[in-house]
Amino acid sequence: MFDILLACLIGIICGVITGLIPGIHVNTVGAFIFSMSPFLLHSYSPEVLAVFLLSMSISHALLEFIPSMFLGVPEEGTVLSVMPGHYLILQGRGKEAIRLVSVGGFGAMIVTILLLPVFIVGLPLLYGFLKPFIWIILSGTVVYMIHRLSRDFRSLIWSSIIFLLSGIMGWTALNSPLSASVSLLCIFSGLFGVSTLLYSLSEKSVMPQQNEHFQFELDRDIFRSIFAGGIAGSILGFLPGMGPAQGSLLAQELSGASDTGSEREGFLVAMSGVNASDALFSLMAIYIIGNPRSGIAVYINQLLQGLDFNHLLIMIFSAITAVSISLVFCIKLGDWFSNSMQKINYEKINLSVICFMSFLVVFFGFMEGSNLIFILLIYITAISMGLLPHYLDINKSHLMGVLIVPAIVVYTGFV
């Protein structure tokens, strides 16, 4: 039992590190650990390695909101948190924003675990019924999302164009000779990371003074958003092809929150809940329907050769431990960022992060022996496309077409 607990603690620390470093995805570390598993299994059991990977992914899911909000450098699960998170930080409410995402992730994880018996009983039958219609569900969600997030006819047209263009780029990149990890690194670094930072530099943005004192109260709206995040994250972990864009839309409808207006606080809680809940439920899907739903879940499934009931109990214990300790890390490190960012030249930080992310794109492409010219072409295209929503004044979440369109095409069965 001690080795399981130690693996959980080490995984949490690694997740903190990967979550705070822009451009480092938890799947990258997961792939490295899995590739080393033939050697590691001589000294450690498969359960120890599995607990390490799960704890790391949960810790990463909470901590990655810190660079997402303070620097505008998101991962896939936090891309939609950039705008409401930045809004609160520009209001000097950085510490409040950190507590919102911390409580959202922790609460949604507990909701997911409490509802697990219901999912185990009901989801296998539901999955068998819905599987042939997944592409219809995705398409309907897209149409509703574009309509819901458009203010007028002009924004509706531009949102549709941006969605389709990003989808074409996603299909091209994901079907290229590049590995999926390098393709996604280029796409998300350009669409949501570097483009946001470049726009921030062009607007001469500065980090405002953050309030030392903050108001944070667990009210009815917060609890509703926590529940919505847990349910939406579980659905993401259950249905293939579903991503943060669809999860955020579902969480908005369940919680009544929005990424604009006075409902931003509830939106951040729900988004954090979606991210954390998805990290766990994508693994639980192995036990429920026999299919992993994330990169980390795939590695754990390979290590354990399936997930039985004893494994399930170990994973639940590890998840509760990981999310509880990560909650403390997120608040403490988030407060440190809030206090320290005013003492640092924000423009230099942005430039440094842009250079670092660009270096990672080239470095990982070079390590895999990929065509660097093609990588840079995708990267520059993604940055250019990522700038368009800022200047067209439309919701940047429509760029998630980069993953949704390929998923729809695959699940139609045409290719």
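The values are calculated or read from the model by the stated rules, or taken from the named source; none is laboratory data. Just so it is clear, the structure is predicted and the values come from calculations on it, not from any experiment. Note that we place each Cβ from the backbone using ideal geometry, even for glycine, and neighbour counts take in every protein chain shown. Note: accessible area is taken over every heavy atom of the protein model, side chains too, but ligands, DNA and RNA are not part of it. Shrake-Rupley method; radii C 1.70, N 1.55, O 1.52, S 1.80 Å.
The order of Arg154, Arg93 by accessible area, most exposed first and with a 1.4 Å probe, is Arg154, Arg93. Here the accessible area of the stretch 143-222 is 61 percent carbon and sulfur, with a 1.4 angstrom probe and all protein chains present.
In terms of overall dimensions, the C-alpha atoms belonging to the stretch 92-238 reach 53, 42, 37 Å along their principal axes, ordered largest to smallest. Here the simple spin-label model places points 7 Å from the Cα toward Cβ, and for Ile137 and Leu114 these points are separated by 2.4 nm.
For the stretch 274-415, a simple Cβ point-charge model (Lys and Arg +1, Asp and Glu -1, everything else neutral) yields a dipole of about 180 debye relative to the Cα centre. An ellipsoid equivalent to the stretch 82-162, defined through the eigenvalues of its Cα gyration tensor, has semi-axes of 31, 28, 7 Å when rounded to whole angstrom and sorted largest first. Here's the picture: charge each Lys and Arg Cβ at +1 and each Asp and Glu Cβ at -1 in the chain, and of Leu62, Leu387, Ile157 the one pushed furthest to the positive end of that dipole is Ile157.
Of the residues Lys396, Lys131, ranked by 1.4 Å probe accessible area with the largest first, the sequence reads Lys131, Lys396. Annotation for Leu333 and Leu218: the two label points, set 7 Å from Cα along the Cα-Cβ direction, are 2.3 nm apart. At a probe radius of 1.4 angstrom, the accessible area of the chain per residue rounds to 42 square angstrom. A viscosity of 0.692 mPa s and a temperature of 37 °C, combined with the Kirkwood radius over Cα pairs in Stokes-Einstein, give a translational diffusion coefficient for the stretch 286-385 of 182 µm²/s. Spin-label model, Met36/Ile373: points 7 Å from Cα along the beta carbon direction are separated by 3.6 nm. In a reduced charge model with +1 at each Lys and Arg Cβ and -1 at each Asp and Glu Cβ, the stretch 41-181 shows a dipole moment near 400 debye about its Cα centre. Note on Phe359 and Phe129: with the Förster distance fixed at 41 Å, the Cβ-Cβ geometry gives a FRET efficiency of about 0.30. Accessible area per residue was computed with a 1.4 Å probe on protein heavy atoms; Glu217 scores about 140 Å².
Residues Phe34, Phe119, Phe227, ordered by accessible area of protein heavy atoms at a 1.4 angstrom probe radius and largest first, appear as Phe227, Phe34, Phe119.
The length gained by stretching the chain between Ser202 and Phe309 to full extension, at 0.36 nm per residue less their Cα-Cα distance, is 33.1 nm. The charge dipole of the chain, taken about the Cα centre with unit charges on the Cβ atoms of Lys, Arg (+1) and Asp, Glu (-1), comes to about 360 debye, rounded to the nearest 20.
Seen through its C-alpha gyration tensor, with square-root eigenvalues sorted a ≥ b ≥ c, the chain comes out rounded because a/c lies under 1.5. Helical content alone sets the calculated 222 nm signal of the chain at -24500 deg cm²/dmol, taking -39,500 (n - 2.57) per DSSP H segment of four or more residues and averaging over every residue. Note on the stretch 345-415 and the stretch 270-313: Cα centroid distance 27 Å, given to the nearest whole angstrom. The Thr172 and Met1 beta-carbon pair, evaluated with R₀ = 45 Å, returns a calculated FRET efficiency of approximately 0.40.
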